[in-house]
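Quick notes on the structure that follows.
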Amino acid sequence: MFNNQRYLTKGVQVRIPLELQLFIWSCIDGLPEECDYFQVFRLENLGGIQKIIHFSEHPEYHREYLIPTDNPITAKVYIIDSEEYSTMLLAEEY
């Protein structure tokens, strides 16, 4: 799963910094073999710290990351695997 072409929406391209996009994809690369096709990343601004909460429901998965940055953002990002390709999109684009 998630071993296919990767795409992102215009919303992600505009709102999510490239470094953060790459970090999120690296989280996907580190998933266990059995994972949900629908991954959620909640991004929170902690004033100079980017908090990333990564979770899925079936099977249950939860990880949190804190990354120092000059420009933390608040957003919810989904990554969905369709078996043909994986797409990163903002929650409001779903």
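Restrict the check to region 9-17 and report whether at least one residue is surrounded by 11 or more Cβ atoms within 10 Å (Cβ to Cβ) and farther than 15 Å from Ala75 by Cβ.
Within region 9-17, the first condition is being surrounded by 11 or more Cβ atoms within 10 Å (Cβ to Cβ), and the residues that meet it are 9, 11-13, 15-17.
With the extra rule that they be farther than 15 Å from Ala75 by Cβ, the set shrinks to none.
Scanning region 9-17 turns up no residue that is surrounded by 11 or more Cβ atoms within 10 Å (Cβ to Cβ) and farther than 15 Å from Ala75 by Cβ.
Can you list the strands (runs of 3 or more DSSP E) lying wholly within the chain that have 2 or more residues being in contact with a Pro (Cβ under 7 Å, 6 or more places away or on another chain) and of a type outside the set (Asp, Glu)?
Counting at least 2 such residues, we get 49-56.
For the condition on the phi < 0 side of the Ramachandran plot, in contact with a helix residue (DSSP H, G or I) (Cβ under 6 Å, 6 or more places away or on another chain), at pLDDT 95 or above and acidic (Asp, Glu), what is the one hit in Glu64, Glu84, Glu93, Glu44? First the steps, then the outcome.
Working: Glu64 fails: in contact with a helix residue (DSSP H, G or I) (Cβ under 6 Å, 6 or more places away or on another chain); Glu84 fails: in contact with a helix residue (DSSP H, G or I) (Cβ under 6 Å, 6 or more places away or on another chain); Glu44 fails: in contact with a helix residue (DSSP H, G or I) (Cβ under 6 Å, 6 or more places away or on another chain).
The conditions single out Glu93.
Considering Thr74, Thr69, which residue is in contact with a strand residue (DSSP E or B) (Cβ under 8 Å, 6 or more places away or on another chain), at pLDDT below 95 and of a type outside the set (D, E, K, R)?
On the way: Thr74 fails: at pLDDT below 95.
Just one listed residue meets the conditions, Thr69.
For region 37-67, the set of residues classified as closer than 21 Å to Arg6 by Cα and surrounded by 15 or more Cβ atoms within 10 Å (Cβ to Cβ) consists of Gln39, Val40, Phe41, Arg42, Leu43, Ile52, His54, Ser56, listed by residue number.
The values are calculated or read from the model by the stated rules, or taken from the named source; none is laboratory data. On a predicted model such as this, the values are computed, not experimentally measured, just so you know. Heads up, the Cβs are rebuilt from the backbone with ideal geometry, glycines too, and the neighbour counts pull from every protein chain shown.
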